[in-house]
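Take a look at the structure below.
The values are calculated or read from the model by the stated rules, or taken from the named source; none is laboratory data. It should be emphasised that the depicted structure is a prediction, and the values quoted were computed from it without experimental measurement. Here Cβ is always computed from backbone atoms with ideal geometry, including for glycine, and neighbour counts include all displayed protein chains. Keep in mind that these areas ignore ligands, DNA and RNA; they rest on the heavy atoms of the full protein, side chains included. Shrake-Rupley method; radii C 1.70, N 1.55, O 1.52, S 1.80 Å.
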Amino acid sequence: MDSIYNDLNAPHSMGTTIIGVTYDGGVVLGADSRTSTGMYVANRASDKITQLTDNVYICRSGSAADSQVLSDYVRYYLHQHTIQLGQPATVKVAANLVRMVSYNNKNMLQTGLIVGGWDKYEGGKIYGIPLGGTLLEQPFTIGGSGSSYLYGFFDQVWKEGMTQDEAEKLVVKAVSLAIARDGASGGVVRTVTINKDGVSRKFYPGNTLPLWHEELEAKDSLLDSLSATSPEPMVS
Amino acid sequence: MMNLADSAPATNNMLGSEADSQRTLYPYVTGTSVIGIKYKDGLLFAADMGGSYGSTLRYKSVERLKSVGKHSVIGASGEISDFQEIMRYLDELILFDNMWDDGNSLGPKEVHNYLTRVMYNRRNKFNPLWNSLVLGGIKNGKKYLGTVSMIGVHYEDDHVATGFGNHLARPILRDEWHENLTYEEGVKLLEKCMRVLLYRDRSAVNKLQIAKITEEGFTVSEPYSLKTSWDFNAFKNPTLDAEGSW
């Protein structure tokens, strides 16, 4: 009985589902919004997609603290870099800075990250930086505990050169599927779309997401179905 | 074996200061076997493009064969982030070598020696680069092929391999390798080895590259996949003579 309370002091971890995909003209980053300490959901509306610069964002998974501090360091480095460079930092530079901090502190950090953004040289780019600090540029990537349930999904539906609308719909569907099966993912789906015209944040509350297997349409109350035409929707 | 939800790393530093030596305890994203052979005109290497994350075949487009300067090729298995760091060291090494602008350039023997020193010294500090490397090349007509492990074990031979390749590929190579293999024979031999690895190594993926280095320079093939054979009666009816077995 007591064991459930031990968890309240466990380190905050974002079980998480995070996704980054490129499309024709930019990138779409997506994430769930659940932060847990053990079995308790400490924050059901977290924002796991964090800004590094005007044109580069990062999806955070794993330890909440580690990923926040890492993002803060990289934001600071990029701020200085932008001043010295005289123009917006490229996505590649941002990703390499994240790799540098991640790799050099690999023994202490426990965070998997996805860096995504748009710059005038390479357009939309996505970089995956898993545990250990490997840096991999990819057309799309998934991360976090919820991603385990999405490998097969993406193997089947991924295609290059989607439109912005197709890409956003794909990301929302994917995060929603992961939330359905991963206890460590939940809440709302957030997306950030980045292209030459700038950055656009979208918010999809749970009730706007599709229903999957064995999930039921939400009701206000059982009593609503009692006032329907049939007498009593009870089974004996 | 690898507990991804493990919070152990956060507690390791409890007894020491931040200045304590780092130590790589375990790899995360890993590449499997690399094979290298000498042939008539130079050297050939093969490696698949897999990056495993524990038992998950997570990444399938990881380039594990890279050129080093004008004369050498490196292939890496083990932790990919450490291989990327090794490439940064090597790129710097080659850059400084070029900056001398003295007409000399580091050959495979020198690069192999450099890597050996790096790997062994890291091992002595209990902070290894978690890789097994194949290093080969040709300079002034002399072919060189060597390997270095994460603990600094190093040697040269006519054919080398890392990981599972040592157990599955090298016996084939001991049998069928000879001097003066043509390019075609060499590629076929490597493909024979890679096919066996594909059948028998759980972390192998069916997408590979073959790299070649000759006096003319370095080339690496476009990624491609190997055909496999499963159409055997013994496979269709494996328990014919032994009902209940598998």
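Quick check: anything in the range A:131-139 at negative phi, within 14 Å of chain B (Cβ to nearest Cβ) and of a type in the set (Ser, Thr, Tyr)?
yes
Being within 14 Å of chain A (Cβ to nearest Cβ), at pLDDT 95 or above and assigned to a helix (DSSP H, G or I) is a description that does not apply to B:Phe96. Hey, does the range A:82-91 have a residue that's in contact with a helix residue (DSSP H, G or I) (Cβ under 9 Å, 6 or more places away or on another chain) and closer than 24 Å to B:Ile80 by Cα? Checked against the condition, which is being in contact with a helix residue (DSSP H, G or I) (Cβ under 9 Å, 6 or more places away or on another chain) and closer than 24 Å to B:Ile80 by Cα, the range A:82-91 yields no hits at all. The residue that is surrounded by the fewest Cβ atoms within 10 Å (Cβ to Cβ), counting only those in the range B:32-60 that are within 17 Å of the chain's Cα centre (by Cα) and not in a strand (DSSP E or B), is B:Lys60.
Taking the range A:32-48 as the range and being crowded, with 21+ Cβ neighbours inside 10 Å and either within 13 Å of the chain's Cα centre (by Cα) or on the phi > 0 side of the Ramachandran plot (or both) as the test, the residues that pass are A:Asp32, A:Ser33, A:Arg34, A:Thr35, A:Ser46, A:Lys48.
Scanning the range B:95-128 for residues that are over 22 Å from B:Tyr155 (Cα atoms) and in contact with a Leu (Cβ under 7 Å, 6 or more places away or on another chain) yields one hit, B:Asp97. Do you know which of the residues in the range B:213-236 that are free of Cβ contacts under 8 Å to residues at least 60 places away in the same chain and open to solvent by less than 90 Å² (accessible area, probe 1.4 Å) is farthest from B:Asn166 (Cα to Cα)? The residue in question is B:Ala234.
Of the residues that make up the range A:141-152, is at least one in a loop (DSSP other than H, G, I, E, B) and of a type in the set (Ser, Thr, Tyr)? Checked the range A:141-152: no residue is in a loop (DSSP other than H, G, I, E, B) and of a type in the set (Ser, Thr, Tyr).
The residues on offer are A:Ser200, A:Ser185, and the sole one that is small (Gly, Ala, Ser) and at pLDDT below 95 is A:Ser185.
Here the condition is being within 14 Å of another protein chain (Cβ to nearest Cβ), open to solvent by less than 50 Å² (accessible area, probe 1.4 Å) and either more than 20 Å from A:Ala178 (Cα to Cα) or small (Gly, Ala, Ser) (or both); of A:Ser148, A:Ser67, A:Ser71, it holds for A:Ser67 alone.
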